[in-house]
Amino acid sequence: LSGAGAALVLAVLVLRYPVDYATIDRALTAASILSAVILLSLIESPLTPLAWILGSKPAVWLGRRSYGMYLWHYAIFFTFPGSGRLGGPVKVVLLLGSTLAVTAISYRFWEKPFLRLKSRFERVKTDLLPASTGDVAPAVA
């Protein structure tokens, strides 16, 4: 089920181009519903080929950088010089490659240093500690 859902999500996302503003809402809604089906099927049976693919090193690498891709793709897609003159697959490869490159650089030099700082500001949670009088002291939150 998860493999079929993944194929349908990919088909919906690919087939919605060129953008038809009358049907884009339906296409994105279908992709969202199918994504939910994929997630539910992966939770139900995590030992599927799709789960193996999503757990692979390239997929994890991409997943760690996915938010950066989300942030950078708009700027790259709409400000890339000459992208309007390029056609079809060449344009897609060039824009996706540029997005991946900028995202990787951004992750390495911007995101990762901040992720390392994150642990300095985490609160330390402790379990309930018994007090010397036999009472239970409240946990530190």
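All of the numbers you see were taken from the coordinates with simple rules; none came from a lab. Computed from a predicted model, the values in this text were never measured in an experiment. Cβ sites come from the backbone with ideal geometry, for glycine too, and all protein chains shown count toward neighbours.
With the crude spin-label approximation of a point 7 Å out along Cα→Cβ, what separation in nm comes out for LYS112 versus ILE43?
So the two model labels end up 3.3 nm from each other.
Mind giving me the nanometre distance, one decimal, between the label points for ALA36 and ILE105, set 7 Å out from Cα along Cα→Cβ?
Distance between label points: 4.0 nm.
On full extension of the chain, what length is gained from LEU71 through ALA59, given 0.36 nm per residue of separation minus the C-alpha to C-alpha distance?
2.5 nm
What residues qualify as long-range amide H neighbours of ARG65, i.e. H under 5 Å apart, gap of 5 or more or another chain, H built at 1.01 Å from N?
Residues meeting the amide H criterion: none.
Expressed in nm to one decimal, what extension gain is obtained for the pair LEU28 and GLU122 from 0.36 nm per residue of sequence separation less their Cα-Cα distance?
So the chain would gain 30.2 nm between LEU28 and GLU122.
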